[in-house]
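Here the structure comes first, spelled out in structure tokens, and everything after it is commentary.
The values are calculated or read from the model by the stated rules, or taken from the named source; none is laboratory data. None of the values given here were measured: they were computed from a predicted structure. Cβ atoms come from the backbone with ideal geometry, glycine included; neighbour counts cover every protein chain shown. Quick note on the areas: whole protein, heavy atoms, side chains included, nothing else; ligands and nucleic acids left out. Shrake-Rupley method; radii C 1.70, N 1.55, O 1.52, S 1.80 Å.
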Amino acid sequence: MTPSTEKQWVLARLLADELRALGARDVRVSDFCMVYATIPGNLPDDAPRAPVIGFLAHVDTSPAVTGTNVNPIVHHRYEGGDIVLPGDPSQVITVAQNPLLRDMIGDDVITTDGTTLLGSDDKAGVAAIMTLVDTLGQNPSIPHGTLKIGFTADEEIGLGIDKFDVAAFGAAFAYTVDGGPLGEINDETWSARTATKTFRGKSTHPGTAKGVMINSIHALARFLTMLPREMTPEATEGRVGFIHPYTGVVDVEESSIKILLRDFDTSGLDSQERMLRDLVSTTAAEFPDVRIATDVKENYKNMKVVLADHPELIANAIAAAREAGVAPYMNPIRGGTDGSKLTFRGLPCPNIFTGGHNFHSKLEFNSRRGLEKTAQTLVQLVRIFASPDREIRVASAQSAASP
Ligand SMILES: [Zn+2]
């Protein structure tokens, strides 16, 4: 059921109330705890039409670490060095593992006390979007087209976004504000499939099994030992895909294994599938009495396939970050976002940084500059999309961003 937790309602309703107070229109919370709102544009009638831009952030936090009773700690004018978290001194944010801390000297670093998540994923995104709405309300001289605001539930368990109403949202495209370090913009996610291999044998009493029992466990084990070790998540990084057997059941009669297939290209997924089929053939030759079945399901696809047709979304995000004083860079996500599904449902949806680090961990942190620069980037972004020379900006940002 969406939402999976009761407390998401509390934040969703609070945000809806604040949006109304800030002058947003058509504010509503859906039956699935999704907040929808409209910020009317302020362009003169004779101005060129600006596209309707959506901004999305999620209200839930990762179930990996508790987010109950968060006690955020602000380290004013951080002087450098490792940060020991006072609630649990075994939790230390080290410069060795977080070299970007060196760029944060003099900034106000925000951490947990070491006992919970910070929840900057994705409260920082929520805060940046609310700050955008507030800033536009207080500064009517900033030109902008119509904006659509969406706060989603259950992003972290991957189930909420199916309940998000793209048509009712009404944006031409959107940005999830759910990314990492300051400046990082994502227009690529994995293409993702899950393969299930089922091995069927025949159970008998082991005392009278000779010549009769067919133990599927041995066939599964043989198959698994042939998986290349250099293609695991533990052995790959960057743009290299992986094959990840992650759960299964073993039994004499029937054994099965689920395997995540991940690559940035569907052709890479196809060759992963071919390799698994070859290994099944080898296994079948060695265990001719075991019947082996394969089932492959698609989870999501690399959003780049669609976003490549909308270069202005990335070009303007890059330009906006620069105008906010941030050095932008592109990075593929070795995972998925709400946007990876939305993009294929007709709402192209790249991902923008929040300034956050170490998501899903007690060592999660952000900073004052991270939060401020994220909000400023969003303000610049709506301004750029409303400016008559935005096509020119697209061209110059693209040439500046290409290597
Ligand atoms: Zn997130």
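A few points about this structure:
- Per residue accessible area of the chain, 1.4 Å probe, in Å²: 46 Å²
- The portion of the accessible surface of the chain made up by carbon and sulfur, rounded to a whole percent, is 52 (1.4 Å probe; DNA, RNA and ligands excluded).
- Counting only DSSP beta bridges with both residues in the chain, the antiparallel share comes to about 75 percent.
- Mean separation of Cα contacts under 8 Å (6+ apart) over length of the chain, as relative contact order %: 24 percent
- Of all aspartates and glutamates in the structure, the ones whose alpha carbon falls short of 12 Å from that of LYS202, not counting any fewer than 8 places away in one chain, are ASP251, GLU253, GLU254, ASP289.
- For the stretch 160-244, the Stokes-Einstein estimate of translational diffusion at 37 °C and a viscosity of 0.692 mPa s comes to 177 µm²/s, using the Kirkwood hydrodynamic radius over alpha-carbon pairs.
- If you plug the beta carbon distance of GLU323 and ASN42 into 1/(1 + (r/R0)^6) with R0 = 25 Å, you get a FRET efficiency near 0.85.
- In percent, rounded to a whole number, the relative contact order of the stretch 78-176 is 18, using alpha-carbon pairs under 8 Å and six or more apart.
- Nitroxide proxy distance, nm - points 7 Å out along Cα→Cβ at ILE142 and HIS76: 2.7 nm
- With a threshold of 28 Å on the Cα-Cα distance, the over-threshold entries among LYS148/LYS297; LYS123/LYS301; LYS163/LYS362; LYS163/LYS297 are LYS148/LYS297; LYS163/LYS362.
- Between the amide H of LEU118 and those of SER361, GLU364, distances stay under 5 Å, these residues lying 5 or more places away or on another chain, with hydrogens modeled in the peptide plane.
- Angle of helix 7-21 to the longest C-alpha principal axis of the chain, folded into 0 to 90 degrees and rounded to 10: 20°.
- Dipole size of the stretch 1-143 about its Cα centre, with +1 on Lys/Arg Cβ and -1 on Asp/Glu Cβ: approximately 280 debye, rounded to the nearest 20.
- Positive-end ranking of ALA128, TRP190, VAL177 along the dipole of the stretch 61-212, with charges on Cβ about the Cα centre, is headed by TRP190.
- Relative contact order (%) - the stretch 35-141, alpha-carbon pairs under 8 angstrom, separation at least six: 35 percent
- Degrees between helix 216-225 axis and first principal axis of the chain (Cα, 0 to 90, nearest 10): 60 degrees
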